[in-house]
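J.: Here it is: the structure, laid out below.
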Protein chains: 2
Amino acid sequence: MPNNTNNFSLELNPNVSVDCVIFGFDLEQLTVLLIDRGEISSGFGPRLALPGNLIYDNENLDMAANRVLDELTGLKSIYLEQVGAFGDPDRIHKQSDQAWLKSIRAEPEARVITVAYYSLVPMSKYKPQASSFAKNAYWVPVSQINELAFDHYEILQAAKGKLKQKIKIQPIGFNLLPTKFTLSQLHRLYESILDKPLDKRNFRRKILKINILSSLREKQRGVPHKPSLLYEFNEEKYQELTQTGFDNFGF
Amino acid sequence: MPNNTNNFSLELNPNVSVDCVIFGFDLEQLTVLLIDRGEISSGFGPRLALPGNLIYDNENLDMAANRVLDELTGLKSIYLEQVGAFGDPDRIHKQSDQAWLKSIRAEPEARVITVAYYSLVPMSKYKPQASSFAKNAYWVPVSQINELAFDHYEILQAAKGKLKQKIKIQPIGFNLLPTKFTLSQLHRLYESILDKPLDKRNFRRKILKINILSSLREKQRGVPHKPSLLYEFNEEKYQELTQTGFDNFGF
DNA sequence: TTGGAAAGTGTAAAATTGACACAAAGATAT
DNA sequence: ATATCTTTGTGTCAATTTTACACTTTCCAA
């Protein structure tokens, strides 16, 4: 084990890791990208885990989170928020398996603090199957997750909570949708995150009133029902609003 | 330097520290408890810093934050929230001075991640002057702080932001006031934290409507004007409310 | 007794919320 | 071509909440 009182280097810091809760939305429900640790987890707790890794001594936390995200999905400049730090002394030991930890180059017996992030990814931009890296990554609907490795279930819950808070006060949902989307999709997204039904008409009225959406002249194609108008998030309008101290995106 | 791949012990973890933003309210404005590093900081950046320390390998983060708080103020079971983790590789080196770092037993050249917490303390419960420990701790009005040691100014800003968010959705302000307080004091508190004026009558109506305050039959004494009725935060009423899924403490 | 200072109180207009139902558009199957 | 299916898209009214605003009361001190 390198001691890290020396020069900055490409050494992994054995005490600090980053875990990412990568949210997606399949147009029906909220999902999370999970790693299947496979047989290596050999009976020691759940196979599924959040993607994460130790940080390098020369990168800051945000960089590390972006790196983890990039290494796994190839995606850069994705919406990313810190959830917080998690660090029971025995968080790893509880349900650990040393082979797995060694495989991600963690010291199995070291005490590790993890800093959790959540990110919002348009699911269309990352299909695990197509990726050469990390073939064992899968989108899993949040509602189907009952347990995860280590303390990752707890982290997921915290991330959901933060996301819920955040979307109540900032219009970040668009990061989970394709550039062009319908109001119904946005509606379902809000319902998934807030975990409660929202009246359709009231939702539309409210979201349109905020005036950060541009309605395109384009319609959905190929749907077996009345096609919906498509909308885009309008960054400029949003910037104007925030600069005038606007604050009420409340849901 | 101990390597921490060994057994759990009372060793300090050289890579992880906890810093506390301890908020108080002097009935006029929001204040923070800061440590004057004094001459030891010998020209290397600001003298004032947030109280903090490295964590022990056998304590979790919340415990560490409580410990820092307790060691400094003698206060226990205080309202405490995590702000988040901060960890530029050079966060200490930027403006550090090694003597100071050594004095708090940090490795001057180690890369340190800090996990920041904020806490709400009734100022009356802690007078730095009266304390035997840490005579160099002072309450400083938040509005007067322009710089702090290390990355502590940044941390303070983040903590203010979190507190602002939080008080909009949960009635935690009482933690900064004496048990018995007046509505005007509460009013000023909200104005300080939200950093904007609130209409007096509207504020009173709203806060009373929520129905988590008990009005005492007691009045202020010795004030050179009409004395105010005193109120208490009513924990039971609050619990009832939250259990019924009440959610709208919005300011 | 008077003056100073903050406490305490009500109302009306405007904005927002919440509840609610049916016609229109396109795709598919017959 | 027609009928059927599915989802889109729309308006109103009542209730509630928000905002703006000014004067009287109470106690202390001079």
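Values in this text are rule-based calculations from the coordinates and carry no lab data. As the structure is a prediction and not an experimental result, all values here were calculated from the model. Note that we place each Cβ from the backbone using ideal geometry, even for glycine, and neighbour counts take in every protein chain shown.
J.: Please order B:31, A:179 by the number of other Cβ within 10 Å, starting at the fewest.
T.: Numbers: B:31 23, A:179 12.
Starting with the residue having the fewest Cβ neighbours, the order is A:179, B:31.
J.: Hey, can you grab everything whose amide H is under 5 Å from the amide H of residue A:13? Only 5+ residues off in sequence or another chain; H modelled, so Pro and N-termini drop out.
T.: Those lying under 5 Å, H to H, from residue A:13 are A:55, A:56, A:57.
J.: If each label sits 7 angstrom from Cα along the C-beta direction, how far apart, in nm, is residue A:161 from its counterparts in the other copies?
T.: The answer, with the shortest distance listed first, is 2.0 nm.
J.: In addition: From the phi of every residue in the stretch B:233-242, what ³J(HN,Hα) in whole Hz does the Karplus formula 6.51 cos²θ - 1.76 cosθ + 1.60 yield, where θ is phi - 60° and glycine or proline is x?
T.: 6, 10, 4, 4, 4, 5, 4, 3, 4, 4
J.: Can you list the distances in nanometres, one decimal and ascending, from the residue B:250 label point to the identical position in each other copy, with the point 7 Å along Cα to Cβ?
T.: Spelled out, the distances from residue B:250's label point are 0.3 nm.
J.: The stretch A:147-226 to the stretch B:163-210: how many Å between their Cα centroids?
T.: Answer, in whole Å: 32.
J.: Out of every Cα pair in the stretch A:176-251, what percent are spaced more than 14 Å from each other? Could you put the intermediate results ahead of the total?
T.: Details: 1879 of 2850 pairs.
Looking at the stretch A:176-251, the distances longer than 14 Å represent 66 percent of pairs.
J.: Also, I was wondering about something else. Would you mind calculating the gained length between residue A:234 and residue A:216 on full extension (0.36 nm times residue separation, minus the Cα-Cα distance), in nm to one decimal?
T.: Numbers: separation 18, 0.36 × 18 = 6.48 nm, distance 1.10 nm.
Value of the extension gain: 5.4 nm.
J.: Among A:239, A:228, A:178, flag the residue with its Cα farthest along the positive direction of the charge dipole of the stretch A:134-251, charges on Cβ as +1 for Lys/Arg and -1 for Asp/Glu.
T.: My answer, from the dipole projection, is A:228.
J.: Whose amide H sits under 5 Å from the amide H of residue A:31, counting only residues 5 or more places off or on another chain, with H placed in the peptide plane?
T.: When sequence neighbours closer than 5 places are left aside, the close amide H contacts are A:24, A:25, A:26, A:142.
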